[in-house]
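The values are calculated or read from the model by the stated rules, or taken from the named source; none is laboratory data. Just so we're clear, the structure is a prediction, and the values are computed from it rather than from any experiment. Here the Cβ positions follow ideal geometry from the backbone for every residue, glycine too, while neighbour counts run over all protein chains shown. For accessibility, only protein heavy atoms count, side chains too; no ligands or nucleic acids. Shrake-Rupley method; radii C 1.70, N 1.55, O 1.52, S 1.80 Å.
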Amino acid sequence: MDERRTGWLLIFLLMAQLLLLASQLPAAGGGKSRLEAGALRTLAPVGRLVNGIVGAGHNTTEWFRGRESLRRENALLLEANRSMSLELLHLQELAGQVERLSEAVSYEPPDRGTLRVADVLYIDHASWIRTLVVFAPKGELMPNQAVLTSEGLVGRVVLVAGDYAKIQLITDRAAGVGAMVQRTRRQGLVQGTSRGGLQLTYLPRQSDVRIGDRVVTSGIDGIFPRGILIGVVVSVETGTDLFQEIRLTSAVDFGRLDHVYMLSRASVPEEVLEALPGEQ
């Protein structure tokens with residue numbers, strides 16, 4: 001038994017000496033030892049395999065995370081779709097009620113008109129007289145015609161020459177639009193400012209107006225129909241007299257206009273306008 005142990009010990013010592021000698025021999029071409037070179041040739045493929053497995057595991061993890069994120073987003077979209085569907089059903093029911101009540105009292109709402117597209121040829125941003133020129137072939141252009149985009153109100157026609165029209169923007173300092181705060185139905189007048197902004201005037205100090213309120217056309221000026229978005233309240237200050245100082249940001253980005261819509265609808269009869277005070 002002792003001889004066998006001694007033999008194994010001698011074999012172990014011999015192998016250790018061989019490894020020590022191999023570590024001290026230079027590899028072909030100089031540089032590291034042959035032992036290191038051999039270890040590199042042996043272990044490098046193993047390292048690549050391990051890296052590949054780790055990378056595949058990472059990609060798989062990212063795929064599962066992406067799939068989970070998509071699943072959550074899909075669930076949110078489905079919930080939003082259900083909510084919108086319920087809201088649509090509610091609005092349809094309300095529309096049906098309004099229609100039935102209108103029939104009961106023989107009421108017909110004002111003509112909403114038709115929209116025709118017009119190309120923007122020129123827009124004036126240089127002065128406080130802010131206007132644009134549009135081209136609308138066969139567009140039935142007429143003075144005081146309302147002009148808008150899908151975002152909101154742009155202005156009104158002030159001059160017609162054939163298929164061309166000059167539009168006064170709502171940001172013009174001389175412009176005025178009958179308006180109301182959509183949340184409270186409080187009415188006032190939206191005017192342009194010297195810096196091309198918008199202000200809501202003639203709202204008493206006690207009026208409930210908040211930052212973020214949407215301001216829409218009131219339909220009381222005889223030019224713009226009710227309900228067109230004008231802008232959003234960005235500041236409310238007490239002011240120096242009986243009214244608040246309210247600033248708006250326009251719903252329309254006038255720097256991106258390339259086309260607008262001309263609204264054609266029945267206007268207020270001339271005999272009605274002539275009967276108004278100050279129109280004599």
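Of all residues assigned to the stretch 164-171, at least one qualifies as being touching an Asp or Glu at 6+ places or on another chain (Cβ under 9 Å) and surrounded by 14 or more Cβ atoms within 10 Å (Cβ to Cβ).
Only one of the listed residues (209, 158, 233) is outside any loop (DSSP other than H, G, I, E, B) and either touching a His at 6+ places or on another chain (Cβ under 7 Å) or open to solvent by less than 30 Å² (accessible area, probe 1.4 Å) (or both). That residue is 233. For the stretch 212-222, residues that are open to solvent by less than 40 Å² (accessible area, probe 1.4 Å) and touching a Lys or Arg at 6+ places or on another chain (Cβ under 8 Å) total 5. Looking at 242, 273, just one residue is farther than 21 Å from residue 201 by Cβ, at pLDDT below 85 and open to solvent by 60 Å² or more (accessible area, probe 1.4 Å), and that residue is 273.
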